[in-house]
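Chemist: Here it is, the structure in full.
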Amino acid sequence: MGRAVIILILFLFLAAPNPSFALEPAENDAPGPQAIQVYGNYGVRKSYLIPAFEVTGFVAGLNVIDRLSNPDRTEEGEKGYETNLSTFWDNTVHGHWGVDDDPFDTNQLGHPYNGAVYQWFARSAGLGFWESFAYTFAGSFLWETAGETAPPSLNDQIASGIAGNFFGEPLFRMASLVLEGGGPKPGVWREVGAAALSPPTGFNRLVFGDRFKPVFPSHDPALFWRFGLGESINSHPRVITHDIPAADFAMYYGLPGKEDYSYRRPFDYFDFRFTALAHAKNPIENIIVSGLLLGDEYGSGRGYRGIWGLYGSYDYLAPHLFKASNTAVCLGTTAQWLPFSGATLQGSVLGGAGYGAAGIDEGETRTYRYGTTFQVTGDLRLNISDLAQVEAGAREYYVSSLGGTRPHGSELIGRYNAGLSVRVYGRHALRLQYTSSLRDGKSSGQPDQHQSVDTFSVYYTFLSDTLFGAVRGQ
């Protein structure tokens, strides 16, 4: 939990709520074979070759580290990481794609982060989202075929190659906000903060100097973030630790309602939520990410504005007794309504499908299942002037037997929350939250399983603004 909290605190101190700096284009030499990509007043000589070498080097480095740290691991009678040209050829040409038996956190948290690293190498080298998506997918494929001797894993390819983009893009945008808030020459602490959020961004800025110094522009989105430190109390008797110190962070980027902001780039709107716990066996309680990939704006009168379209989402939930995760593409909408003076209603509704996993994770042996996953999510926030925010949310995931794995069956995961934030003074608030997590597991030939965990949390919260993110058309 400690590293995650430090990164979040760095972001809070360094990010400007509404950064807007008209920087001059970088002074480059003749572009030669590389194109000059310009974002508004920002110019950067993007490179396709540099991130290709970086992703390949990162995969090779991971392989060397795993060889040294896990020399006795075997896969089907072979050393797990003793790869060579022969194993690469076999996996690429003859490899049978399946689903591996690694622990849940390795597959559904570690792999998306690795995929984000691939994405960050490409993004920080000036490539666009979809170009970087291709690098991420290729980097994941390279690891599956050349990083391990085991047959390639479909679940890892999705988690790294697709979820890595949905997880990585918001953090890249946050790193860019930190740098953008420092004007033409961000200071040392802003560089450190950006590197903590997106390490390859810091690496490329340090190693390649002025070439990758221009900062990806936010275009000044309407945004709201909050950061809280507090305590979580679990009601279930099987949860050994009932009172757990917790850190909670949420950001809503590109909220509808701002007249001079458009949604032309993937993730010009996203929401990112993260909760960490001071618990050795369960340090990450949730990561919830969704971003608009392709869509358009709509509105009615002056009080109702929204966006709709295709969203990409990556969710990871670990409420102590069981775990669930899904990478999905959804249709949905995000909107804001001003029902009367001083009140703002904001929210999103998404529905879609992807590939996910859920169940009980018991360490070395996989007891959770994979399958095609259908999800429906909804979030609603009522902001009452600068006094308080009331919020409610519901998320349901159905892990089906379609494309599923052992144990055969299905999982239905429900996650429901309600919260109240009351501003005490300035940008400081007290936040109360109730979360209920439910699991109904069905396995052929076995009794159905029903589990639930109720969690009560209280946080001291620091806000990005006193209106809780209400957009007044500025």
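The values are calculated or read from the model by the stated rules, or taken from the named source; none is laboratory data. Just so you know, these numbers come straight off a predicted model, no measurement behind them. Glycine also receives a Cβ, built like all others from the backbone with ideal geometry; neighbour counts cover every protein chain displayed. SASA here: full protein model, heavy atoms, side chains in, ligands and nucleic acids out. Shrake-Rupley method; radii C 1.70, N 1.55, O 1.52, S 1.80 Å.
Chemist: Each residue of region 394-399 in turn: what ³J(HN,Hα) in whole Hz from Karplus with 6.51, -1.76, 1.60 and θ = phi - 60°, glycine and Pro shown as x?
Modeler: Using θ = phi - 60°, the values come out as 9, 9, 10, 10, 10, 8 Hz.
Chemist: Related question: With a 10 Å radius around each residue's Cβ, average the other Cβ atoms per peptide and rank 131-137, 324-330, 244-250, highest first.
Modeler: 324-330, 131-137, 244-250
Chemist: Mind putting a number on the dipole of the chain about its Cα centre? Charges go on the C-beta only, +1 for Lys and Arg and -1 for Asp and Glu, and I need it in Debye to the nearest 20.
Modeler: The dipole of the chain has a size of about 1200 debye.
Chemist: Scanning the chain for helices, which whole DSSP H stretches are 15 Å or more long along the axis (Cα) and average 0.0 or more by Kyte-Doolittle?
Modeler: 2-14, 49-69, 129-142, 163-180
Chemist: Which GluC sites (Glu not before Pro) from region 189-286 combine a DSSP loop assignment with at most 14 other Cβ atoms within 10 Å?
Modeler: Here the sparse-neighbourhood loop sites are Glu259.
Chemist: Could you name the lysines whose alpha carbon sits less than 23 Å from that of Lys281, not counting residues in the same chain fewer than 8 places away?
Modeler: Partners within reach: Lys323.
Chemist: Within 10 Å of each candidate Cβ there may be at most 14 other Cβ atoms; applying that plus a DSSP loop requirement, which trypsin sites (Lys or Arg not before Pro) in region 65-167 survive?
Modeler: Those that pass, being in a loop and sparsely packed, number zero.
Chemist: Among the chymotrypsin sites (Phe, Trp or Tyr not before Pro) within region 397-433, which fall in a DSSP loop and have no more than 16 other Cβ atoms within 10 Å of their own Cβ?
Modeler: Loop-located and lightly packed - none at all.
Chemist: Using a 1.4 Å probe, how large is the accessible area of Thr466, given in Å² and rounded to the nearest 10?
Modeler: Number for this one is 50 Å².
Chemist: In straight Cα distance, which lysines are under 28 Å from Lys213, not counting same-chain residues fewer than 8 positions off?
Modeler: Within the straight-line cut-off, Lys213 pairs with Lys46, Lys185.
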